[in-house]
Amino acid sequence: MADRRGQRQRPMITKNYSSSSSTKSHKPLNPNSNTRIAHANKSATVNSGNEDNIDEHQDIPNLVGTCPFMCPVEERARRERLRDLAVFERLHGNPAKTSSTLAVKKFCRTISANNVQASDVRPVSVLEDTLNYVLNLLKSDCRFEVVHDFIFDRTRSIRQDLTMQNVTNDQAIHIYERMIKFHILSHHKLPKCGSPDTASICHLNMEQLTKALTSLFSLYEANRAPDSIYKDESEFHSYYVLLHLCSDNQSESLSLWFRRVPFVIMKSKEMCFARRILRFFRLGNYKQLIYTTEAEASYLQYCIIEPYISEIRALALSCVNYGGYKLQPYPLAHLSKLLMMQESDLESLCVDCGLQMSSDGTGKVLLSTKLTSTCNPKRGYQKYCEVVSERLERLAAEVSEL
(Lines give C-alpha, C1' and ligand atoms only; values in the text may rest on other atoms or scores of the structure.)
Protein backbone atom coordinates (compact mmCIF):
# COMPACT_ATOMS: atom_id res chain seq x y z
CA MET A 1 0.00 0.00 0.00
CA ALA A 2 2.90 2.38 0.71
CA ASP A 3 3.75 3.02 -2.93
CA ARG A 4 0.11 3.54 -3.87
CA ARG A 5 -1.00 5.74 -1.00
CA GLY A 6 -2.48 8.34 -3.32
CA GLN A 7 -4.97 5.86 -4.76
CA ARG A 8 -8.19 4.74 -3.09
CA GLN A 9 -9.51 1.30 -3.76
CA ARG A 10 -13.15 0.46 -3.85
CA PRO A 11 -15.15 -2.73 -3.78
CA MET A 12 -16.32 -4.53 -6.81
CA ILE A 13 -20.11 -3.59 -6.57
CA THR A 14 -23.87 -6.19 -9.14
CA LYS A 15 -26.92 -5.16 -7.42
CA ASN A 16 -28.28 -8.13 -5.56
CA TYR A 17 -30.15 -6.93 -2.52
CA SER A 18 -30.20 -9.20 0.49
CA SER A 19 -33.33 -9.99 2.37
CA SER A 20 -33.85 -8.09 5.58
CA SER A 21 -32.75 -10.17 8.47
CA SER A 22 -19.61 17.01 8.29
CA THR A 23 -16.83 15.42 6.26
CA LYS A 24 -13.85 17.18 7.88
CA SER A 25 -11.21 14.60 8.72
CA HIS A 26 -9.28 14.26 11.93
CA LYS A 27 -5.75 14.91 10.69
CA PRO A 28 -3.04 12.93 12.45
CA LEU A 29 0.30 14.54 13.03
CA ASN A 30 2.15 11.42 12.01
CA PRO A 31 3.91 11.98 8.64
CA ASN A 32 2.86 8.47 7.57
CA SER A 33 -0.81 9.19 8.20
CA ASN A 34 -1.87 8.88 4.54
CA THR A 35 -0.48 5.39 4.37
CA ARG A 36 -2.08 4.48 7.67
CA ILE A 37 -5.49 5.78 6.61
CA ALA A 38 -5.28 3.85 3.36
CA HIS A 39 -4.36 0.76 5.34
CA ALA A 40 -7.27 1.38 7.72
CA ASN A 41 -9.66 1.63 4.80
CA LYS A 42 -8.38 -1.64 3.42
CA SER A 43 -8.71 -3.29 6.84
CA ALA A 44 -12.23 -1.98 7.31
CA THR A 45 -13.14 -3.22 3.86
CA VAL A 46 -11.73 -6.68 4.42
CA ASN A 47 -13.31 -6.96 7.85
CA SER A 48 -16.75 -6.16 6.50
CA GLY A 49 -16.81 -9.78 5.38
CA ASN A 50 -17.00 -11.86 2.23
CA GLU A 51 -20.70 -11.05 1.90
CA ASP A 52 -19.78 -7.56 0.74
CA ASN A 53 -17.82 -9.13 -2.15
CA ILE A 54 -14.96 -6.64 -1.99
CA ASP A 55 -12.40 -6.62 -4.76
CA GLU A 56 -9.36 -4.90 -3.27
CA HIS A 57 -7.32 -5.07 -6.45
CA GLN A 58 -9.67 -2.90 -8.48
CA ASP A 59 -8.41 0.70 -8.86
CA ILE A 60 -11.37 3.06 -9.01
CA PRO A 61 -11.51 6.85 -8.50
CA ASN A 62 -12.85 8.15 -5.22
CA LEU A 63 -16.62 8.20 -4.98
CA VAL A 64 -18.49 10.91 -3.07
CA GLY A 65 -22.13 10.09 -2.55
CA THR A 66 -24.81 12.60 -3.50
CA CYS A 67 -28.00 10.77 -2.48
CA PRO A 68 -29.91 13.16 -0.17
CA PHE A 69 -32.33 10.50 1.11
CA MET A 70 -32.05 7.48 3.38
CA CYS A 71 -32.85 5.35 0.33
CA PRO A 72 -32.00 6.16 -3.31
CA VAL A 73 -35.01 7.09 -5.42
CA GLU A 74 -34.44 4.25 -7.92
CA GLU A 75 -34.24 1.60 -5.20
CA ARG A 76 -37.29 3.00 -3.44
CA ALA A 77 -39.39 2.83 -6.62
CA ARG A 78 -38.20 -0.72 -7.39
CA ARG A 79 -38.96 -1.99 -3.91
CA GLU A 80 -42.43 -0.41 -4.02
CA ARG A 81 -43.06 -2.22 -7.29
CA LEU A 82 -41.83 -5.53 -5.84
CA ARG A 83 -43.61 -4.98 -2.50
CA ASP A 84 -40.23 -5.37 -0.82
CA LEU A 85 -40.84 -3.01 2.09
CA ALA A 86 -40.16 -3.74 5.74
CA VAL A 87 -42.95 -3.05 8.21
CA PHE A 88 -41.21 0.15 9.33
CA GLU A 89 -41.06 1.47 5.75
CA ARG A 90 -44.71 1.10 4.80
CA LEU A 91 -46.75 4.25 4.38
CA HIS A 92 -49.98 3.83 6.39
CA GLY A 93 -49.30 0.07 6.45
CA ASN A 94 -49.41 -0.27 2.66
CA PRO A 95 -46.83 -2.93 1.61
CA ALA A 96 -46.51 -1.30 -1.84
CA LYS A 97 -46.11 2.31 -0.76
CA THR A 98 -43.37 4.16 1.11
CA SER A 99 -41.82 7.63 1.29
CA SER A 100 -38.44 9.31 1.47
CA THR A 101 -38.83 9.64 5.25
CA LEU A 102 -39.56 5.93 5.79
CA ALA A 103 -37.56 3.91 3.25
CA VAL A 104 -33.98 3.01 4.19
CA LYS A 105 -31.43 1.62 1.75
CA LYS A 106 -31.02 -2.15 2.09
CA PHE A 107 -27.71 -3.94 2.37
CA CYS A 108 -26.52 -5.07 -1.07
CA ARG A 109 -24.75 -8.41 -0.88
CA THR A 110 -22.72 -8.01 -4.08
CA ILE A 111 -21.81 -4.71 -5.69
CA SER A 112 -19.92 -3.76 -8.84
CA ALA A 113 -18.32 -0.36 -8.36
CA ASN A 114 -18.24 0.18 -12.12
CA ASN A 115 -22.03 0.37 -12.15
CA VAL A 116 -22.58 2.44 -9.02
CA GLN A 117 -23.56 6.07 -9.45
CA ALA A 118 -22.88 8.79 -6.91
CA SER A 119 -26.66 9.22 -6.64
CA ASP A 120 -26.87 5.64 -5.27
CA VAL A 121 -24.52 6.38 -2.38
CA ARG A 122 -25.35 8.48 0.68
CA PRO A 123 -22.82 11.08 1.93
CA VAL A 124 -21.65 10.94 5.53
CA SER A 125 -24.14 13.52 6.79
CA VAL A 126 -27.05 11.49 5.39
CA LEU A 127 -25.55 8.29 6.83
CA GLU A 128 -25.49 9.92 10.27
CA ASP A 129 -29.13 10.96 9.94
CA THR A 130 -30.03 7.46 8.73
CA LEU A 131 -28.29 5.87 11.72
CA ASN A 132 -30.14 8.22 14.07
CA TYR A 133 -33.42 7.19 12.47
CA VAL A 134 -32.93 3.42 12.58
CA LEU A 135 -31.54 3.38 16.13
CA ASN A 136 -34.51 5.44 17.27
CA LEU A 137 -36.68 2.44 16.29
CA LEU A 138 -35.34 0.65 19.38
CA LYS A 139 -37.93 2.70 21.27
CA SER A 140 -40.80 1.24 19.22
CA ASP A 141 -43.32 -1.23 20.64
CA CYS A 142 -42.46 -3.95 18.11
CA ARG A 143 -40.85 -7.20 19.26
CA PHE A 144 -37.12 -6.74 19.66
CA GLU A 145 -36.20 -9.46 17.15
CA VAL A 146 -38.25 -7.65 14.47
CA VAL A 147 -36.59 -4.32 15.21
CA HIS A 148 -33.17 -5.98 15.35
CA ASP A 149 -33.64 -7.64 11.95
CA PHE A 150 -34.36 -4.27 10.32
CA ILE A 151 -31.56 -2.33 12.05
CA PHE A 152 -29.10 -5.19 11.49
CA ASP A 153 -29.56 -5.01 7.72
CA ARG A 154 -29.68 -1.22 7.43
CA THR A 155 -26.55 -0.64 9.53
CA ARG A 156 -24.65 -3.04 7.26
CA SER A 157 -25.76 -0.86 4.36
CA ILE A 158 -24.42 2.20 6.18
CA ARG A 159 -21.04 0.50 6.64
CA GLN A 160 -21.07 -0.42 2.97
CA ASP A 161 -21.60 3.19 1.89
CA LEU A 162 -18.77 4.29 4.17
CA THR A 163 -16.47 1.70 2.61
CA MET A 164 -17.34 2.70 -0.96
CA GLN A 165 -16.46 6.32 -0.19
CA ASN A 166 -13.29 5.45 1.75
CA VAL A 167 -14.50 7.45 4.74
CA THR A 168 -12.00 7.09 7.58
CA ASN A 169 -12.51 10.29 9.58
CA ASP A 170 -13.91 11.07 13.02
CA GLN A 171 -17.47 10.82 11.78
CA ALA A 172 -16.86 7.26 10.58
CA ILE A 173 -15.43 6.39 13.99
CA HIS A 174 -18.50 7.77 15.76
CA ILE A 175 -20.82 5.84 13.41
CA TYR A 176 -18.95 2.58 14.02
CA GLU A 177 -19.02 3.14 17.79
CA ARG A 178 -22.80 3.54 17.80
CA MET A 179 -23.36 0.47 15.62
CA ILE A 180 -21.15 -1.61 17.92
CA LYS A 181 -23.23 -0.51 20.91
CA PHE A 182 -26.33 -1.69 19.06
CA HIS A 183 -24.80 -5.13 18.47
CA ILE A 184 -23.79 -5.41 22.14
CA LEU A 185 -27.30 -4.51 23.26
CA SER A 186 -28.64 -7.12 20.82
CA HIS A 187 -26.18 -9.66 22.22
CA HIS A 188 -27.86 -9.07 25.58
CA LYS A 189 -31.50 -9.01 24.47
CA LEU A 190 -31.78 -11.56 21.65
CA PRO A 191 -31.33 -14.73 23.78
CA LYS A 192 -34.32 -13.62 25.89
CA CYS A 193 -36.69 -13.29 22.93
CA GLY A 194 -37.50 -16.99 22.74
CA SER A 195 -37.49 -17.11 18.93
CA PRO A 196 -36.81 -20.53 17.34
CA ASP A 197 -34.07 -18.89 15.24
CA THR A 198 -32.39 -17.28 18.25
CA ALA A 199 -29.16 -19.27 17.96
CA SER A 200 -28.53 -18.36 14.32
CA ILE A 201 -29.55 -14.71 14.85
CA CYS A 202 -27.18 -14.42 17.82
CA HIS A 203 -24.37 -15.97 15.78
CA LEU A 204 -24.84 -13.48 12.93
CA ASN A 205 -25.04 -10.59 15.39
CA MET A 206 -21.80 -11.67 17.08
CA GLU A 207 -20.14 -12.03 13.68
CA GLN A 208 -20.98 -8.44 12.71
CA LEU A 209 -20.04 -7.17 16.16
CA THR A 210 -16.58 -8.71 15.86
CA LYS A 211 -16.04 -7.35 12.34
CA ALA A 212 -17.20 -3.86 13.27
CA LEU A 213 -14.90 -3.82 16.31
CA THR A 214 -11.91 -4.85 14.21
CA SER A 215 -12.68 -2.14 11.65
CA LEU A 216 -13.07 0.43 14.42
CA PHE A 217 -9.64 -0.41 15.83
CA SER A 218 -8.14 0.13 12.38
CA LEU A 219 -9.80 3.54 12.18
CA TYR A 220 -8.55 4.47 15.64
CA GLU A 221 -5.00 3.56 14.64
CA ALA A 222 -5.16 5.41 11.33
CA ASN A 223 -6.34 8.65 12.91
CA ARG A 224 -4.22 8.53 16.04
CA ALA A 225 -2.34 11.67 16.97
CA PRO A 226 0.86 11.29 19.02
CA ASP A 227 0.31 10.64 22.73
CA SER A 228 -3.47 10.76 22.51
CA ILE A 229 -6.44 8.41 22.26
CA TYR A 230 -10.11 8.87 21.50
CA LYS A 231 -12.52 9.54 24.35
CA ASP A 232 -14.19 6.09 24.34
CA GLU A 233 -11.34 4.08 22.83
CA SER A 234 -10.48 2.31 26.08
CA GLU A 235 -14.11 1.29 26.59
CA PHE A 236 -14.31 -0.31 23.14
CA HIS A 237 -11.03 -2.16 23.65
CA SER A 238 -12.45 -3.53 26.90
CA TYR A 239 -15.44 -4.89 24.95
CA TYR A 240 -13.05 -6.94 22.81
CA VAL A 241 -11.43 -8.49 25.90
CA LEU A 242 -14.77 -9.32 27.52
CA LEU A 243 -16.04 -10.93 24.33
CA HIS A 244 -13.08 -13.31 24.56
CA LEU A 245 -13.41 -14.48 28.16
CA CYS A 246 -13.94 -17.98 26.87
CA SER A 247 -10.84 -19.26 25.09
CA ASP A 248 -13.08 -21.00 22.51
CA ASN A 249 -14.04 -17.56 21.13
CA GLN A 250 -10.48 -16.46 20.39
CA SER A 251 -9.35 -15.98 16.80
CA GLU A 252 -5.88 -15.22 18.14
CA SER A 253 -4.16 -15.27 21.50
CA LEU A 254 -5.23 -12.35 23.67
CA SER A 255 -1.64 -12.04 24.85
CA LEU A 256 -0.59 -11.29 21.26
CA TRP A 257 -3.48 -8.86 20.84
CA PHE A 258 -2.50 -7.04 24.06
CA ARG A 259 0.95 -6.39 22.60
CA ARG A 260 -0.59 -4.22 19.87
CA VAL A 261 -2.71 -2.16 22.27
CA PRO A 262 -1.24 1.26 23.19
CA PHE A 263 0.17 1.46 26.70
CA VAL A 264 -2.14 4.29 27.74
CA ILE A 265 -5.16 2.13 26.86
CA MET A 266 -3.78 -0.91 28.69
CA LYS A 267 -3.49 1.21 31.86
CA SER A 268 -6.97 2.74 31.54
CA LYS A 269 -9.68 2.03 34.10
CA GLU A 270 -11.82 0.20 31.53
CA MET A 271 -9.06 -2.14 30.40
CA CYS A 272 -7.88 -2.83 33.96
CA PHE A 273 -11.46 -3.84 34.79
CA ALA A 274 -11.71 -6.11 31.74
CA ARG A 275 -8.38 -7.78 32.51
CA ARG A 276 -9.43 -8.43 36.12
CA ILE A 277 -12.70 -9.99 34.93
CA LEU A 278 -10.69 -12.13 32.50
CA ARG A 279 -8.42 -13.30 35.32
CA PHE A 280 -11.33 -14.06 37.69
CA PHE A 281 -13.13 -16.05 35.00
CA ARG A 282 -10.08 -18.09 34.01
CA LEU A 283 -9.32 -18.82 37.69
CA GLY A 284 -12.94 -19.68 38.50
CA ASN A 285 -13.12 -16.97 41.17
CA TYR A 286 -16.90 -16.67 41.02
CA LYS A 287 -17.30 -14.35 44.01
CA GLN A 288 -14.85 -11.71 42.75
CA LEU A 289 -16.18 -11.91 39.18
CA ILE A 290 -19.79 -11.31 40.23
CA TYR A 291 -19.01 -8.67 42.85
CA THR A 292 -16.59 -6.76 40.61
CA THR A 293 -19.06 -6.79 37.74
CA GLU A 294 -21.85 -5.48 39.95
CA ALA A 295 -19.66 -2.73 41.41
CA GLU A 296 -17.70 -1.48 38.40
CA ALA A 297 -19.12 -2.60 35.03
CA SER A 298 -20.71 -0.14 32.64
CA TYR A 299 -24.06 -1.35 31.34
CA LEU A 300 -22.68 -2.46 27.97
CA GLN A 301 -19.78 -4.24 29.69
CA TYR A 302 -22.35 -6.04 31.81
CA CYS A 303 -24.33 -6.99 28.69
CA ILE A 304 -21.25 -8.84 27.43
CA ILE A 305 -20.36 -10.45 30.77
CA GLU A 306 -23.88 -11.59 31.69
CA PRO A 307 -23.90 -14.92 29.75
CA TYR A 308 -20.66 -15.92 31.48
CA ILE A 309 -22.17 -15.26 34.91
CA SER A 310 -24.44 -18.29 34.54
CA GLU A 311 -21.39 -20.46 33.90
CA ILE A 312 -19.59 -19.10 36.94
CA ARG A 313 -22.69 -19.69 39.09
CA ALA A 314 -22.80 -23.32 37.99
CA LEU A 315 -19.15 -23.58 39.01
CA ALA A 316 -20.04 -22.10 42.41
CA LEU A 317 -22.74 -24.76 42.94
CA SER A 318 -20.24 -27.44 41.98
CA CYS A 319 -17.71 -26.08 44.49
CA VAL A 320 -20.30 -25.97 47.27
CA ASN A 321 -21.51 -29.46 46.43
CA TYR A 322 -18.13 -31.16 46.30
CA GLY A 323 -16.40 -29.03 48.94
CA GLY A 324 -19.18 -28.84 51.53
CA TYR A 325 -19.60 -30.95 54.66
CA LYS A 326 -22.21 -33.68 54.12
CA LEU A 327 -23.71 -33.39 57.62
CA GLN A 328 -24.05 -29.60 57.37
CA PRO A 329 -26.19 -28.52 54.35
CA TYR A 330 -25.51 -25.08 52.90
CA PRO A 331 -28.10 -22.31 53.57
CA LEU A 332 -29.67 -21.32 50.25
CA ALA A 333 -30.37 -17.75 51.42
CA HIS A 334 -26.65 -17.15 51.99
CA LEU A 335 -25.77 -18.69 48.62
CA SER A 336 -28.31 -16.49 46.80
CA LYS A 337 -26.67 -13.37 48.27
CA LEU A 338 -23.23 -14.67 47.34
CA LEU A 339 -24.31 -15.29 43.74
CA MET A 340 -26.51 -12.15 43.59
CA MET A 341 -29.64 -13.91 42.35
CA GLN A 342 -33.18 -14.38 43.61
CA GLU A 343 -33.55 -17.32 46.00
CA SER A 344 -36.43 -18.73 43.94
CA ASP A 345 -34.24 -18.66 40.81
CA LEU A 346 -31.43 -20.33 42.72
CA GLU A 347 -33.81 -23.09 43.82
CA SER A 348 -34.77 -23.67 40.17
CA LEU A 349 -31.10 -23.72 39.14
CA CYS A 350 -30.26 -26.27 41.84
CA VAL A 351 -33.13 -28.51 40.73
CA ASP A 352 -32.09 -28.24 37.06
CA CYS A 353 -28.53 -29.16 38.06
CA GLY A 354 -29.72 -32.29 39.86
CA LEU A 355 -29.02 -30.98 43.37
CA GLN A 356 -31.27 -31.70 46.32
CA MET A 357 -32.68 -29.31 48.92
CA SER A 358 -34.25 -29.75 52.31
CA SER A 359 -35.77 -27.63 55.08
CA ASP A 360 -34.47 -27.15 58.59
CA GLY A 361 -37.97 -27.01 60.08
CA THR A 362 -37.99 -23.23 60.43
CA GLY A 363 -38.70 -22.50 56.79
CA LYS A 364 -35.08 -22.09 55.74
CA VAL A 365 -34.06 -23.98 52.61
CA LEU A 366 -30.78 -25.90 52.73
CA LEU A 367 -28.69 -27.28 49.89
CA SER A 368 -27.51 -30.86 50.35
CA THR A 369 -23.88 -31.50 49.45
CA LYS A 370 -21.61 -34.37 48.41
CA LEU A 371 -24.05 -35.46 45.67
CA THR A 372 -22.62 -37.27 42.67
CA SER A 373 -25.65 -37.18 40.36
CA THR A 374 -25.30 -33.56 39.18
CA CYS A 375 -25.88 -32.39 35.60
CA ASN A 376 -26.16 -29.32 33.41
CA PRO A 377 -29.63 -27.79 32.85
CA LYS A 378 -31.21 -29.24 29.72
CA ARG A 379 -32.53 -25.81 28.70
CA GLY A 380 -29.24 -24.07 29.37
CA TYR A 381 -28.44 -21.32 31.84
CA GLN A 382 -29.98 -18.35 30.05
CA LYS A 383 -32.74 -17.67 32.59
CA TYR A 384 -30.20 -17.71 35.43
CA CYS A 385 -27.92 -14.97 34.06
CA GLU A 386 -29.31 -11.77 35.51
CA VAL A 387 -27.51 -10.16 38.44
CA VAL A 388 -29.75 -8.69 41.15
CA SER A 389 -28.37 -5.17 41.46
CA GLU A 390 -30.00 -1.77 41.91
CA ARG A 391 -26.98 -0.14 40.31
CA LEU A 392 -27.24 -2.20 37.12
CA GLU A 393 -31.00 -1.64 36.97
CA ARG A 394 -30.37 2.10 37.18
CA LEU A 395 -27.74 1.92 34.41
CA ALA A 396 -30.15 -0.04 32.20
CA ALA A 397 -32.79 2.64 32.64
CA GLU A 398 -30.26 5.32 31.69
CA VAL A 399 -29.36 3.63 28.38
CA SER A 400 -32.02 5.40 26.31
CA GLU A 401 -29.90 6.31 23.31
CA LEU A 402 -26.98 4.67 21.54
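The values are calculated or read from the model by the stated rules, or taken from the named source; none is laboratory data. Bear in mind the structure is a predicted one, so any value in this text is a computation, not a measurement. Counting neighbours? That spans all protein chains shown, and the Cβs are built from the backbone with ideal geometry, glycine included. Ligands, DNA and RNA are stripped out before the accessible areas are found, and what is left, the full protein with its side chains, is counted by its heavy atoms. Shrake-Rupley method; radii C 1.70, N 1.55, O 1.52, S 1.80 Å.
Here is the link list: Lys231/Lys269; Lys189/Lys269; Lys181/Lys269. Which ones come out longer than 24 Å on Cα distance?
Over 24 Å apart, Cα to Cα: Lys189/Lys269.
Which trypsin sites (Lys or Arg not before Pro) does segment 254-311 hold that lie in a coil by DSSP with at most 15 other beta carbons within 10 Å?
Qualifying residues, ordered by number: Lys267.
Taking the simple approach of a point 7 Å from Cα along Cα-to-Cβ for both Leu137 and Lys370, what is their distance in nm?
5.9
How much of the accessible area of segment 253-328, probe 1.4 Å, is carbon plus sulfur, in whole percent?
About 56 percent, which is the carbon plus sulfur part of the accessible surface.
When Lys and Arg each count +1 and Asp and Glu each count -1, what net charge do the other residues less than 12 Å away from Ile184, Cβ to Cβ, add up to?
Surrounding charge for Ile184 is 0.
So how much slack lies between Thr198 and Lys287, counting 0.36 nm per residue of separation and subtracting their Cα-Cα distance, in nm?
Difference between extended and current length: 29.0 nm.
By how many nm would the segment from Asp170 to Phe144 grow when fully extended, if each residue of separation counts as 0.36 nm and the alpha-carbon distance is taken off?
6.4 nm
Principal axis lengths of segment 90-207 from Cα atoms, whole Å, largest first?
Largest to smallest, the principal-axis extents are 42, 34, 25 Å.
How big is the Rg/Rh ratio for segment 307-398, C-alpha atoms only, Rh by Kirkwood, two decimals?
Rounded to two decimals, Rg/Rh equals 1.00.
Pop the C-beta distance of Asp360 and Ser318 into the FRET formula with R0 = 22 Å and round what comes out to the nearest 0.05.
0.45
Just in segment 303-352: which chymotrypsin sites (Phe, Trp or Tyr not before Pro) are loop by DSSP and have at most 14 other Cβ atoms within 10 Å?
Tyr325
At 7 Å along Cα-to-Cβ for each site, give me the label-to-label distance between Ser298 and Lys267 in nm.
Once both label points are built, they end up 2.1 nm from each other.
What is the local net charge at Gly284, summed over the other residues whose Cβ is closer than 12 Å to its Cβ (Lys, Arg +1; Asp, Glu -1)?
+3
Length gain on complete extension for the stretch Leu327 to Thr214, per 0.36 nm per residue less the alpha carbon to alpha carbon distance?
Extending this stretch completely gives an extra 35.4 nm.
List the trypsin sites (Lys or Arg not before Pro) within segment 108-166 that fall in a DSSP loop (any state other than H, G, I, E or B) and whose Cβ has at most 16 other Cβ atoms within 10 Å.
Qualifying residues, ordered by number: Arg143.
Rounded to two decimal places and with Rh computed the Kirkwood way over Cα pairs, what is Rg over Rh for segment 121-279?
Radius of gyration relative to Kirkwood radius: 0.97.
How large is the dipole of segment 307-398 about the Cα centre if only Lys and Arg carry +1 and Asp and Glu carry -1, each at its Cβ, rounded to the nearest 20 debye?
Result for segment 307-398 is approximately 300 debye, rounded to the nearest 20.
Between segment 96-159 and segment 200-246, what's the alpha-carbon centroid distance in Å?
About 22 Å separates the Cα centre of segment 96-159 from the one of segment 200-246.
Using a 7 Å offset from the Cα along the Cα-to-Cβ direction at both Leu82 and Leu395, what is the distance between the two label points in nm, to one decimal?
A separation of 4.3 nm, rounded to one decimal place.
Cβ under 12 Å from Leu355's Cβ, Leu355 left aside: what net charge do those residues give with Lys, Arg +1 and Asp, Glu -1?
-1
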